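Taking it in order: structure first as C-alpha cells, then the write-up.
The values are calculated or read from the model by the stated rules, or taken from the named source; none is laboratory data. All figures in this text were calculated on a predicted structure; none of them were measured in a lab. Heads up, the Cβs are rebuilt from the backbone with ideal geometry, glycines too, and the neighbour counts pull from every protein chain shown.
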Amino acid sequence: MRPLEGITVLEFAQFMAGPSAGLKLADLGARVIKIERPVSGEAGRQIALKNLFLDGSSLVFHTVNRNKDSYAADLKNPEDLERIKKLIAQADVMTHNFRPGVMEKIGLDYSKVQEINPRLVYATVTGYGTTGTWVKKPGQDLLVQCMSGFANLTGNLNDDPVPVGAAVSDIITGTHLVQGILASLLRREKTNKGAWVEVSLLESTLDFQFEVITTYLNDGNQKPKRAKQGCAHAYLGAPYGVYKTKDSYISLAMGSLIKLGEVIGCTDLSTFTDPDSWFAQRDEIMDILRAFLIHKNTQDWLTILEANGIWSSAVYDYETLLNHEGYKVLAMDQKLPLLSGEVVHTTRCPIRINDERLYASKPAPRVGQHTDAIMKEFKL
C-alpha cells in the first residue's frame, strides 16, 4: 500500500508546476483526477520539447501526467460546473494554477469551495503571488529564473546571464506545493479542517537560492561574482569548479587546496597556504589547475583523487550516464504503453518506500478518458 492511497486529488492545473505536484502525489498513491476542458484538454498537451508528440499529446505532457485520470468538463457550463462541485465535495485536495481572479469568476475560489467541503486542502500556484506589480505577468520558468537573479549564478565571469537548461522554477515550486499539501493533510487529521496552500514560482525560486541570497544580505550587499572560467558556485573558492582534461572534463568540489596540490603533484599550489586566498585568488588558482589537469585523462585523475579522498567526478553526458553501471543499478527507467500502441520511456519517481521503488501503473490519459467512469463512481 502506498502512503497516499485513499486520497483523492482534483487537478485543475496545467503546464508544469502544478501537474508536477500532482505527479508526485499520484506516484505516492493518491487518486489524481485532471479536470480538463473537453476535446483539447489542458494547454500543456501542446507544449513540446523538440516537437515530440505521442498519441496526440506532447511528450512533456506524458512525462508529467502519468498515473492520473482525466475528467472533461466545461467550467462555463452550469451543468458541468454543478457536477464539478459534487466532485469537490468528495475530494481531499484540489489544485490549480489559474491567474488570480479566474477561479473567483467561476465560483471555485477558496471561500466558495470551503463552503462545499470544509475539509478540502485547496492548493494554488501563481507566478508572483496575488498582489503587486507582477500579478498579471506570465508565470513562466525562464522569466522567473531571470527575474529572481538565478540566471546570474551560472556561467563564467564575462558570460551574459545564463539560465539553467531545465524547468527548475517549475519543479521546485511543484515540490513546495506537495510539501504544503502533505503538511495540511496531516493537520487535517488533528483539526478536521482543510487549508489553503499557496506557492508562487518567484517565491519558490527565491527560496531555492536561500543560501546565496543570505550571503548577499550579510556581506554588504555585494553582488555574486562568478569565477573567470569553470565557475560552479559564485561564492565558493578554488578548487571548486569544472576543468578540462586531456580527453574530457573533471569537476572538483570543496576541499583542502594544499592536500589537492600534494596529491596531484602540483607544487605551484603550495604557496596558497591561507584558506582566505582560495576565494580571493581563485581565478589565479584555477588557472594553475587548468594548466596542470590538461595533461592527463579524466579517469587517470579520478584514480588518483578518489584514492586520496578528494571529492571529484567525471562530467557525463546522457549517453555516458545512462549506460553506466552506476545509473543502471538505480533502476530509474520505466516504459508505459499508450492506447495508441506507442510507448513512453521515462524515469520513475525518485522516492522509495520501505525499499520499494515507485513505478507508475498507467500512462498519462487521453482527454476525458475517465469521464463516464468518474461520473458513475462519484454519482455525478
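Assorted remarks:
- Strands (runs of 3 or more DSSP E) fully within the stretch 270-376 that include at least 3 residues being closer than 20 Å to LEU59 by Cβ: 333-337, 343-347.
- Tallying residues that are assigned to a loop (DSSP other than H, G, I, E, B) and crowded, with 21+ Cβ neighbours inside 10 Å within the stretch 93-108 yields 2.
- Leading residue by the ranking (surrounded by the most Cβ atoms within 10 Å (Cβ to Cβ)) among those in the stretch 109-119 that are assigned to a loop (DSSP other than H, G, I, E, B) and in contact (Cβ under 8 Å) with a residue 40 or more places away in the chain: ASN117
- For LYS68, the test of being surrounded by 15 or more Cβ atoms within 10 Å (Cβ to Cβ), more than 17 Å from the chain's Cα centre (by Cα), closer than 16 Å to ALA13 by Cβ and not hydrophobic (A, V, I, L, M, F, W, C) is passed.
- The set of residues in the stretch 1-52 being part of a strand (DSSP E or B) and in contact with a Gly (Cβ under 9 Å, 6 or more places away or on another chain) consists of VAL9, GLU11, ARG31, VAL32, LYS34, GLU36.
- Residue within the stretch 109-131 that is under 27 Å from CYS349 (Cα atoms) and basic (Lys, Arg) present: no
- Residues in the stretch 48-71 that are of a type in the set (A, V, I, L, M, F, W, C) and under 18 Å from GLY18 (Cβ atoms): VAL60, PHE61, VAL64.
- With respect to the conditions (1) assigned to a loop (DSSP other than H, G, I, E, B); (2) under 15 Å from GLY194 (Cα atoms); (3) among the basic types (Lys, Arg), ARG66 lacks only one, and its number is (2).
- Matching residues, the stretch 126-146, being of a type in the set (A, V, I, L, M), buried (at least 18 other Cβ atoms within 10 Å of the Cβ) and either in a loop (DSSP other than H, G, I, E, B) or touching a residue at least 40 places away in the same chain (Cβ under 8 Å) (or both): VAL144
- Listed by position, the helices (runs of 4 or more DSSP H) enclosed by the stretch 149-238 that each have at least 2 residues that are touching a helix residue (DSSP H, G or I) at 6+ places or on another chain (Cβ under 8 Å) and at pLDDT 95 or above are 168-191, 201-208.
- Identity of the residue in the stretch 208-227, surrounded by 15 or more Cβ atoms within 10 Å (Cβ to Cβ) and touching a residue at least 24 places away in the same chain (Cβ under 8 Å), that ends up nearest to ALA166 (Cα to Cα): PHE208
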